[in-house]
Amino acid sequence: HFHNPAGQTPVDRTGVRLHVASRPRPLVQRSITIDLRPLSIPAKQERYFLTATSHLRVDPATRVDKVYVHAHLLAREMYVWLWRDGKKNDLYTEADWSFMHHYSLEQPIRLRAGDSLQQTCVYDSSSRNSTTRFGMGTETEMCRAYLDYSVPPNASDLVRKLRARWEGPLAPGANISTAVGPTPPGQAQGA
């Protein structure tokens with residue numbers, strides 16, 4: 001979508017190029033979207049976070065290749081973490097975020113049963129006089145992550161089930177990695 005405050009008709013020259021394989025590929029590319037909504041960012045917050053953790057149901061052959069994140073004007077930091085055996089693995093970390101990034105993992109990550117995925121967005125609404133809500137317009141907000149993953153053609157899709165979601169203000173300069181864990185404060189990690 002476009003930011004078009006003047007109401008002009010934008011010209012988009014996006015194209016698609018198809019390549020046909022001469023034989024079936026051993027792996028196919030699929031994608032899953034993680035969309036944290038509804039969201040409601042209070043006005044006058046220098047650092048306000050929104051995070052959610054999801055359990056994953058995976059085919060043993062699932063391999064994550066790329067991570068994409070997207071938000072609008074208030075977003076300042078974006079994170080996607082994979083929790084495995086109680087340890088956090090960074091899939092995407094951007095402490096100085098702007099609009100949309102695509103990140104190909106240096107080494108694809110094979111997912112396993114018991115893995116959890118956590119997405120976190122940090123916003124600065126200090127310039128806003130009212131609450132900012134989810135929406136497609138540039139003046140609204142989003143907190144989205146997309147995972148591109150590879151599996152054999154007959155494998156089941158990656159499925160995520162929301163485990164916990166929470167939000168709140170962060171102190172200026174607080175380290176997001178220590179301020180936001182895999183579960184809300186006061187909830188046991190295995191709950």
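The values are calculated or read from the model by the stated rules, or taken from the named source; none is laboratory data. On a predicted model such as this, the values are computed, not experimentally measured, just so you know. Heads up, the Cβs are rebuilt from the backbone with ideal geometry, glycines too, and the neighbour counts pull from every protein chain shown. Surface accessibility is based on the protein's heavy atoms, side chains included, excluding ligands, DNA and RNA. Shrake-Rupley method; radii C 1.70, N 1.55, O 1.52, S 1.80 Å.
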If you check Arg37 against the conditions, is it in a strand (DSSP E or B), basic (Lys, Arg) and either over 17 Å from Ile109 (Cα atoms) or open to solvent by 20 Å² or more (accessible area, probe 1.4 Å) (or both)?
no
List pairs: first in segment 158-170 and over 23 Å from Gln29 (Cα atoms) and among the acidic types (Asp, Glu), second modelled with pLDDT of 90 or more and exposed (fewer than 14 other Cβ atoms within 10 Å of the Cβ), Cβ under 9 Å, 6+ apart or cross-chain?
Glu167/Ser40
Among (1) among the polar types (S, T, N, Q); (2) surrounded by 12 or more Cβ atoms within 10 Å (Cβ to Cβ); (3) in a strand (DSSP E or B), Gln107 falls short only on (2)
Among (1) touching a Cys at 6+ places or on another chain (Cβ under 9 Å); (2) hydrophobic (A, V, I, L, M, F, W, C); (3) open to solvent by 30 Å² or more (accessible area, probe 1.4 Å), Val20 falls short only on (1)
Residue count for segment 47-94, restricted to those that are under 17 Å from Arg110 (Cβ atoms), among the polar types (S, T, N, Q) and open to solvent by 10 Å² or more (accessible area, probe 1.4 Å)
1
Counting only residues that are open to solvent by 20 Å² or more (accessible area, probe 1.4 Å) and on the phi > 0 side of the Ramachandran plot, which one in segment 131-190 is modelled with the highest pLDDT?
Gly173
Filter segment 140-163 for residues that are in a loop (DSSP other than H, G, I, E, B) and out of contact with any Pro (no Cβ under 9 Å at 6 or more places or on another chain); which is nearest to Leu105 (Cα to Cα)?
Leu158
Flagged in segment 79-132 as touching a Pro at 6+ places or on another chain (Cβ under 8 Å) and of a type in the set (Val, Ile, Thr), in numbering order, are Thr131
Result of the Cβ filter at 9 Å on segment 109-130, keeping first residues that are of a type in the set (Phe, Trp, Tyr) and partners that are open to solvent by 40 Å² or more (accessible area, probe 1.4 Å), at least 6 apart or interchain, is Tyr123/Gln45; Tyr123/Arg76
Has segment 49-70 got at least one residue that is in a strand (DSSP E or B) and in contact with a Gly (Cβ under 7 Å, 6 or more places away or on another chain)?
yes
